[in-house]
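One structure is given here, and the rest of the page talks about it.
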Amino acid sequence: MSAHAEVLVDLDAIKHNVATLQEKAGVPLLAVVKADAYGHGLVAVGRVAIEAGAHWLGVALLEEAVLLRTAGIKAPIIAWLVPPGSAFLTAVKSDIDIGVPSIQVYHDVALAAGHAGKKARIHIEVDTGMTRGGFLEEWGAFLEILKEPHGHVEIIGLFSHFARADEPGEKQNAAQLKRFLEMADDLNQIGIEPSVLHLSNSAATLMDASAHFDLVRTGIAMYGLSPDLQHLGNSKHLDLRPAMTLRAKLQLVKEVLANTPVGYGATAFTPDDTKLGVVAMGYADGIPRIAQGAGIYVDGKRAPIIGRVSMDQFVVDLGSDSLAKAGDWVVVFGPGYDGEYTADDWASASHSINYEIVTRINPRVSRIYVNSDGNGVV
Ligand SMILES: *Cc1c(COP(=O)(O)O)cnc(C)c1O
């Protein structure tokens, strides 16, 4: 792999976060590892999460679930973004639980289970007010269908997702919780009692014990990042350890005079005589082009971005006294323990959220697994 940039993933941090969340939740934990484990590496994180005590894994795509099974992971796995036409037969044969949001998908799954000669395990997804996934206007018709038990379909779970779990006191949360209970009751009325009810994401896990039910689905917090800085505080406040450090090589260091234009569009000029560093990462690697106000950490200090981020590189103002030289590693973001920028800093510099910062790091950047001492793990 290329050595222009690396993601270092601290697996001890993930273990710590799983244990912390497990304790706060008081119910089994589903580790959300969709989108390549939020950019941290699907299989490595899946394994470590289970090792650290998570009971379930959750992914969006069926393909992601299959990769986990192929890697030999035996824990229960749910895939909840499985559109019509997906490889349902593979899912059933591989013991992958499927999130079912529509009558069409229910029929597809039932058919595949018939072909497999094996029961499909499903979790019914209900729309309790987010107006994204799950049963809404089809709910009545679906209940009618469910009155006829289907021998090949086993209803394991009922789940939904909060739209505003990070906002305490927001009325929509109570309304969603109420609707969830009503929809669970609708099922009970026709003799169906799923054993696993689940509603909470990271924010709800940290905030609202009344929504924990039988399982919580934690994503961002397991990676050590806060679901919402404003309402929940930062990682440290939540006793979470950010697992990802992104570092890149300095391609070049050059001395320039004050008032020198930098980059496409000459949108910035050097304020003083200074040294500039060219960092070997750009928007093709997942650095947001819009980012302004973040930067890198090298030689014991921060160096801010100057000018626009390019496709494969961006330029930072190292300062005239910097000792950094071409070939040095610089930290783009990390936990922040040494003063480096954090994913939260990059998020605010990009008008985005920490989720997007870590998730968008391109696969061409190698993932390296380390423990908390920074040593590599095999
Ligand atoms: C992504 C996702 C989660 C995890 O959300 P976080 O805010 O990262 O904890 C939970 N449930 C579902 C259905 C999701 O899609």
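Can you work out which of the residues in the range 130-180 that are free of Cβ contacts under 8 Å to residues at least 40 places away in the same chain and of a type in the set (Asp, Glu) is farthest from the ligand (Cβ to nearest atom)?
Checking each candidate, the answer is Glu148.
Which ones in the range 319-378 are within 20 Å of Met222 (Cβ to Cβ), touching a Leu at 6+ places or on another chain (Cβ under 9 Å) and among the acidic types (Asp, Glu)?
The one that is within 20 Å of Met222 (Cβ to Cβ), touching a Leu at 6+ places or on another chain (Cβ under 9 Å) and among the acidic types (Asp, Glu): Asp344.
Only residues that are more than 16 Å from the ligand (Cβ to nearest atom) and open to solvent by 70 Å² or more (accessible area, probe 1.4 Å): list them for the range 63-106, please.
Leu67, Thr70, Lys74, Gly85, Lys93, Asp95, Gln104
So Ala284 fits all but one of (1) touching a residue at least 12 places away in the same chain (Cβ under 8 Å); (2) under 19 Å from the mean Cα position of the chain (by Cα); (3) more than 16 Å from the ligand (Cβ to nearest atom); (4) open to solvent by 10 Å² or more (accessible area, probe 1.4 Å); what number is the exception?
Here Ala284 clears every test but (2).
Exactly one of these conditions fails for Thr205: (1) within 17 Å of Asp345 (Cα to Cα); (2) within 15 Å of the ligand (Cβ to nearest atom); (3) of a type in the set (S, T, N, Q). Give me its number.
(1)
Return the residues of the range 150-181 that are loosely packed, with under 11 Cβ neighbours inside 10 Å and either at negative phi or of a type in the set (Phe, Trp, Tyr) (or both); say none if nothing qualifies.
Selection gives Gly151, Lys171.
Does Gly58 count as more than 23 Å from Leu158 (Cβ to Cβ) and either of a type in the set (Gly, Ala, Ser) or crowded, with 23+ Cβ neighbours inside 10 Å (or both)?
Here the answer is no, as Gly58 does not meet what is asked.
Considering the range 199-250 alone, what residues qualify as being closer than 21 Å to Ala175 by Cα, small (Gly, Ala, Ser) and not in a strand (DSSP E or B)?
Hits for the range 199-250 are Ser202, Ala203, Ala204, Ala209, Ser210, Ala211.
Looking at the range 114-133, which of its residues are in contact with a Phe, Trp or Tyr (Cβ under 8 Å, 6 or more places away or on another chain) and either not hydroxyl-bearing (Ser, Thr, Tyr) or not in a loop (DSSP other than H, G, I, E, B) (or both)?
Within the range 114-133, Ala120, Ile122, His123, Ile124, Glu125, Val126, Asp127, Met130, Gly133 qualify.
Would you pick out the residues in the range 19-53 that are under 17 Å from the mean Cα position of the chain (by Cα), farther than 17 Å from Val370 by Cβ and of a type in the set (Val, Ile, Thr)?
Val32, Val33, Ile50 - these are the residues of the range 19-53 that are under 17 Å from the mean Cα position of the chain (by Cα), farther than 17 Å from Val370 by Cβ and of a type in the set (Val, Ile, Thr).
Got a number for residues in the range 220-263 being out of contact with any strand residue (DSSP E or B) (no Cβ under 9 Å at 6 or more places or on another chain), away from the ligand (no atom under 16 Å from the Cβ) and not charged (D, E, K, R)?
1
Filter the range 11-47 for residues that are open to solvent by 10 Å² or more (accessible area, probe 1.4 Å) and in contact with a Lys or Arg (Cβ under 7 Å, 6 or more places away or on another chain) and give the result.
Hit for the range 11-47 is His16, nothing else.
Going by what's in this entry, would Glu193 be described as open to solvent by 20 Å² or more (accessible area, probe 1.4 Å), away from the ligand (no atom under 16 Å from the Cβ), part of a loop (DSSP other than H, G, I, E, B) and in contact with a helix residue (DSSP H, G or I) (Cβ under 9 Å, 6 or more places away or on another chain)?
Yes; evaluated as a whole, the condition is true for this residue.
List every residue pair whose Cβ atoms sit under 7 Å apart, with the two residues 6 or more apart in sequence or on different chains, where the first one lies in the range 29-54 and is outside the structural domain of Val196 (by TED's automatic domain parsing) and the second, anywhere, is among the charged types (D, E, K, R).
Taking only residues 6 or more apart or on different chains, not a single pair turns up.
The values are calculated or read from the model by the stated rules, or taken from the named source; none is laboratory data. In this text, all values refer to a predicted model and were calculated from it rather than measured experimentally. Here Cβ is always computed from backbone atoms with ideal geometry, including for glycine, and neighbour counts include all displayed protein chains. Only protein heavy atoms, including side chains, enter the accessible area calculation; ligands, DNA and RNA are left aside. Shrake-Rupley method; radii C 1.70, N 1.55, O 1.52, S 1.80 Å.
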